[in-house]
Amino acid sequence: TVGTQTDYRDGEAQTDPYSPEYVVLSASIPELLTLATLTWGRGLPAGLAEVEMIERARAKRAWEATLPPLDSASQITKRRKMMDDMEKKEWVFREQEIEKLQELRLEVLKKLLWRRKEKQNELDFKRLDAQWQNHQKAIEEKIKKNQQNYALMIRKLVAKRKNVGGKLARRDIIEDYADFASQTYAPLSRIGYFPDNHAERYVVKNYYLNTFAGLCQLEASLPDSVTQVQIQALKPKCSTTKTGFIKRSARLEAELAQVHQALLDKKNKVKEPKKPLRFLEKIEKPVPQPPTPTLEKPSIEEEETELAVICLQQLLRGRAIQNMMFEGKEKRLELIRELRTTHALQEDVQLLIKAEKQETLALQQQHDLHMHELSQIESHLAWAEGKTLADLFDFLSKELLRLQEEQRIHAFVMLAERQRRMREAEESGRRQVEEMQRQEEDEIFRQVREGELHQSTIDSYLEDIILSSMENTAEEQAKEEIQRMAVEINDIAYEMENRRTRLQSEEIVAELVYSFLIPEIEKNSFKERGKES
């Protein structure tokens, strides 16, 4: 019976579905455990893709159950063939999945491009609208300025017309003060007077309103009826209960009484007498119009006579114009004949010109077709020549690069051979010196040994000296050899870097990738295949 309302939604307190603990028997492997990787939000609840994945896993387990055992060579070959077929199928399925993903990405990209196009169109529309608004504002400002200039020039013309003679008139002070629209009462801002300035001097400053003492004095002077208002509650027109509630029956009685009173008032209503006019207005009669003039009506005989005269005049004038035209025709008869013959000749010439024009157009069309065929043949020939030349230039460029690479490798070989020979010569000289030093030391050792020194002390002393001298000598020679080789290799490398082009650099990178990266990938893939098998 008690309702509660929380401040949180159910979705904010929702957790992942509960997964209870389970125990698997040693002899059974339930299929449900193969779906342990699916969790809520990552595969669960299962959709179409998850169902297809489960079906593929079932098919793969069934296929693994059909694999032959590894007990003979033929079974191993058959097993390997089945595994290769399955691997091909998996690669095909993977390619299909990649194609689906690419199609989805393409659709998403199309939608993004469409949205970007819509946004760009919207921005262009807004920019054009803003430019149009600015243009309209500039036009309105220009029109407003023209109107202001128009009003200014009109005022100047009116002022000039008032004083055409250019006479100077004194100011009439009485007239200015009598006219409330004059500069005395309403000065114009364009003359230099701004009525909004110094507006604080027109503010009413009252002691009783602006100071606290004045307010206290004003409040003390007011009667109690102003500060302490007493409102009497209206008495209800209907009978009410103790709590002030009006019953429905009492409300209906009050409405019926109101309607009855309205009917009585309407029935006993007395017509009010007409009130006399308070203000009498004199209506002036308009000035009578003058009488319309009239003409005497002519007799019928006079009208017929006048019409006959008018018709006779028209006939005479028309006959006179015909005679004038006939006389002009007789005077210029030869000229008319000449014009008629010229017009006939012009028609023949026009027919000949039209025939020549049609023949010219036909020849021009044939020429255009011939030129079009020639251009097509030339384009095909140029395409074949270009293809042949492109193949030839490609072959020559590749041969040139191959020769350059061979020369570079030959130079490296010659340089290495030279360094080897120099090292052998240096090593042979060093060995001769060492042999001579060794003979001298042996002679010294033999002579010292024959002396009175103890044999063991001499041996240990000589061994220490020989070891220390050999280590020092080998270390110095190794440092010198390494420094010299580093300098030579750096010079050769810098020279090759300066001579090498971008295409040679790309070929070197391709050779490195082909020599190191691809074999490593093949080795890893072979290892993975071995592990899977």
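The values are calculated or read from the model by the stated rules, or taken from the named source; none is laboratory data. If you're wondering where the values come from, they're calculated on a predicted model, not measured in any experiment. All Cβ positions, even for glycine, are placed from backbone atoms using ideal geometry, and neighbour counts span all protein chains on display. All accessible areas refer to the heavy atoms of the entire protein, side chains included, with ligands and DNA or RNA removed. Shrake-Rupley method; radii C 1.70, N 1.55, O 1.52, S 1.80 Å.
Might you check whether a residue that is more than 60 Å from the chain's Cα centre (by Cα), hydroxyl-bearing (Ser, Thr, Tyr), modelled with pLDDT of 85 or more and more than 30 Å from Ala411 (Cα to Cα) occurs anywhere in the range 447-459?
Our first condition is that a residue be more than 60 Å from the chain's Cα centre (by Cα); within the range 447-459, this holds for 447-459.
From what is left, the residues that are hydroxyl-bearing (Ser, Thr, Tyr) are 456-457.
This time we only want the ones that are modelled with pLDDT of 85 or more, so: none.
No, the range 447-459 contains no residue that is more than 60 Å from the chain's Cα centre (by Cα), hydroxyl-bearing (Ser, Thr, Tyr), modelled with pLDDT of 85 or more and more than 30 Å from Ala411 (Cα to Cα).
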Worksheet item: Under the condition of being in a loop (DSSP other than H, G, I, E, B) and closer than 30 Å to Met82 by Cα, which residue from the range 12-66 is least open to solvent (accessible area, probe 1.4 Å)?
Response: Leu38
Worksheet item: Quick one: which of Glu306, Glu327 is open to solvent by 100 Å² or more (accessible area, probe 1.4 Å) and touching a Pro at 6+ places or on another chain (Cβ under 9 Å)?
Response: Glu306
Discussion item. Conditions first: (1) closer than 24 Å to Gln148 by Cβ; (2) surrounded by 10 or more Cβ atoms within 10 Å (Cβ to Cβ). Thr184 passes all but one, so which condition is the exception?
Written reply: (1)
Worksheet item: How many residues are open to solvent by less than 60 Å² (accessible area, probe 1.4 Å) and within 30 Å of Arg80 (Cβ to Cβ) when one looks only at the range 473-530?
Response: 3
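Could you grab me the full set of residues in the range 280-303 that are in a helix (DSSP H, G or I) and open to solvent by less than 100 Å² (accessible area, probe 1.4 Å)? Spell out how you get there, then give the answer.
At the first step, the residues of the range 280-303 found to be in a helix (DSSP H, G or I) are 300-303.
Scanning the range 280-303 gives a single hit, Glu303.
For the range 68-90, state whether one or more residues are farther than 30 Å from Ser525 by Cβ and surrounded by 10 or more Cβ atoms within 10 Å (Cβ to Cβ). Break it down into steps so the answer makes sense when it comes.
Of the range 68-90, the ones farther than 30 Å from Ser525 by Cβ are none.
Taking every residue of the range 68-90 in turn, none turns out to be farther than 30 Å from Ser525 by Cβ and surrounded by 10 or more Cβ atoms within 10 Å (Cβ to Cβ).
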Worksheet item: Got a sec? Which of Ala390, Ala362, Ala320 is part of a helix (DSSP H, G or I), under 30 Å from Glu497 (Cα atoms) and either in contact (Cβ under 8 Å) with a residue 40 or more places away in the chain or out of contact with any helix residue (DSSP H, G or I) (no Cβ under 6 Å at 6 or more places or on another chain) (or both)?
Response: Ala390
